Each structure stands twice: as structure tokens, then as C-alpha cells.
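Rule-based calculations on the coordinates, nothing more; no lab input. Since this is a predicted model, take the numbers as computed values, not measurements. Using ideal geometry, Cβ is built from the backbone for each residue, glycine included, and neighbour counts are taken over all protein chains shown.
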Amino acid sequence: MGGGINRLKQHIALIKGNVSSCPKATKHDQIKCRDALLDNQNKKKGKVDENKSLRAQVNIRSSENETITIDDELMEDSFGSKKAKRSFGPMDRWAYECVIPFHAFEKDSFKIMLEAVGQFGREAPPPTRYEMGETYLKKEVERTINLLTPYKDEWKSNGCSIMMDAWSDRKRRGIMNLCVNSKTGTVFLSSKESSDEAHTSEHIHEYVESCIKEVGPENVVQIVTDNASNNMGAAKLLKEKRPTIFWTSCATHTLNLMLEGIGGLPRYKKILNHAKTLTVFIYAHHKTLSMMRHFTKKRDIVRPGVTRFASAFLTLQSLADKKAQLKQMFTRDEWESCRLSNTVKGKAAYDTLVNATFWTGVALCLKVFAPLVKVLQMVDADQKPSIAWFCIW
């Protein structure tokens, strides 16, 4: 017979409709299976009642749940229509409880999901853990495989680049997975955590070779990776076996190494270290952080970039832009009355801010690093291809 455990229980319990009755089932077996089915039904009903109870607690107009705060004047959205200001609510609680990365809420797929839930209306059924891990996951794998078909045909006519994740800087260990960008058709080798030994040139070469075989040696034009020593060793091994395939260094990693090399020179390193010490001091204390945001009108100093050095440059740029506000902060009575002003680090931060040589050095660093950082941002951007910029260079 076919079917799952419930149909087997119906078969033994002599419950007709879906399956035939079992002629060998004893009375004890019949009662046991009937009780099990009834218990399962009660659990399902209890779960439904529990979900209804949970849904009943949600009221976006209720101040008790704090899901939406209604002000006398409603905000206008980009289309000019009125809407209520949004505050803390069930979605926020779910995100914090499940440790959802905050950048996930900026994904287009999340916005589409919200729209789908809104169109469905009240009591939208959530997927089960089994459906997410089995049913829907298998369907997504099948969909992805089908999406690859036109790209595989394109690989044969236009060639293909294999791009590898840079795990060496993070000292990651693991095995490689073959991934494909569904928008561009570019092949990626990405690593996942495991207990294997750290990657050597030989290991990387083996992984790349397996990917080449899967894509087809005749379809591969180049391998793109960073300049780590193990990757460069793998490049030499590849050239010996497959001389027609290029091994290209990652432009982002190359430019970042150039910036780090220049930043390591004494005249620039001293300024960068002073700026870092100043920034760390401000952000390390609640009092100084609050004062800084007050004088800069809630604008932060630290600004993330595509690489660690790019972040340092952007932070340096931010310091220069807020020079007047920061000087004002450290010369007010609030700073004088703060206990941190008499500490060693507090005095060092003050000396840095009022030092004209420091700000001259900041201006010099920005002038030197700006062109390379601009190119770094270009080659790492997703909005447009960066190959044209290298043709100019």
C-alpha cells in the first residue's frame, strides 16, 4: 500500500474512505490506532485554536501592542498618500527572537513576501519546518537547475568565468560548493564550514579542477580569485595542466592591497592610527557617543566601506567633514565637566582634535587615497559592469 503513517493507522483501525481495512488487525490494535488518530486530530485542533489566539492578540491600531503609533499629523509616503507612523510590533519581536540579520529586511524578496501576505489577507497559513526543509527546498533546487539551462548554452558560445570566495583572509576551512549567479550566469566556488584541514594550493587546485570538469574545460575562460599565496600556488599548478585558462586576480583585493601598502607608510600610518584611536575613544563611552551625536545632529563618524581600508578612508573623510562640530564638542563646558576629560585617553583625544598637524595630515591622506578608493568602489559595485574601467586603465 502507499501513503504515510496516518493511512497506515486508518488501515489498522478499520477506518474506511482512504484505504482498505486490515483483516488481521486485533481489537487492541484497532483501539490503539483510533486513539492515536484522535489524539493527532485534537493536537491539530489545539494548534489551530492556539494560532487563532495568537492572531487575536495582534491589533495594529491598539496602543497595547504598540504596533502602530497614530499621531495628530500622519506621515506622507513617496506617493503623497497619508499613512500612520510605524512603531515596535510583532514583526520586530519575531526578528529579534529568531536572530534575523537586519540587512534581510532590505531584500526585494522580503518586500515581495510582505506584499503576498497582504494580498492574501488575514490568517495566511505559515509554512511548516518540514515544508521549508523538504518540499519547498526541493522545488527551489529544481527551479534553480532549470534556470541554469540557458546559461549552460551561453557558456558554450561565450565562455565562462569561475569566481572563488576569498576564505584565506578569514582562515576558513571547508569544502567547496559550485554556485551560479542566476542573473549573470557567473560560476562561483564558495566554501562552507567543515572540519577539514586548512586550504593549501593543492587543495584549492583540486576544487577548481573539479569545478572546471563540471562546467566543461572547453567552456572555461578564466579563474578569478584574490592574491593570497595559496591561490597563487594553485594558479601555477593550473597553468601547468591547463595553459589555455587564465588565472585573474580579484580587482577589489588588488586595489585593497595597494591602499594598505600606501597606508603602511610612516607619514600616513601615523595619521590613520590617531584617527582610529580618536574614533574608538568616542564610540567606547556612552557619554562621548551621546555628545558626538548631539553636536553632529545624529550623524555617525564610522562609515562602512567595501573593504576594511575603504571603511577607514570613509571614516577619515567623515572626521574631516565634522571637524568643526567635533572641535566644538571638545571645547564646551560639557566636556570639561565630564570625568573622561581627565583620563589619559580623553586628553589624547583632545590633543588630536586641536592639533593642526593632524588635520593637515588628514587632508593629505584624503587627497592621496581618494582616487584608488573611488576605483575600488567602482569595481565592487553591482550596478554596472566594471570591465570598461579597466580597459581605460
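Normalised by the number of residues in segment 298-338, the average gap of Cα pairs under 8 Å and 6 or more apart makes the relative contact order 26 percent. Local charge for residue 260 was computed over the other residues whose Cβ lies under 11 Å away, with Lys and Arg +1 and Asp and Glu -1, and equals +2. Multiplying the residue separation of residue 107 and residue 95 by 0.36 nm and removing their Cα-Cα distance gives an extension gain of 2.9 nm. Protection proxy ranking for 113-125, 320-332, using the average of other Cβ atoms within 10 Å per residue and placing the highest first: 320-332, 113-125. About its Cα centre, segment 253-319 has a charge dipole of approximately 240 debye under the convention of +1 per Lys or Arg Cβ and -1 per Asp or Glu Cβ, with nothing else charged. For residue 132 and residue 343, the difference between the fully extended length at 0.36 nm per residue and the C-alpha to C-alpha distance is 70.5 nm. With each label modelled as a point 7 angstrom along the Cα→C-beta vector, the residue 222-residue 35 pair spans 7.1 nm.
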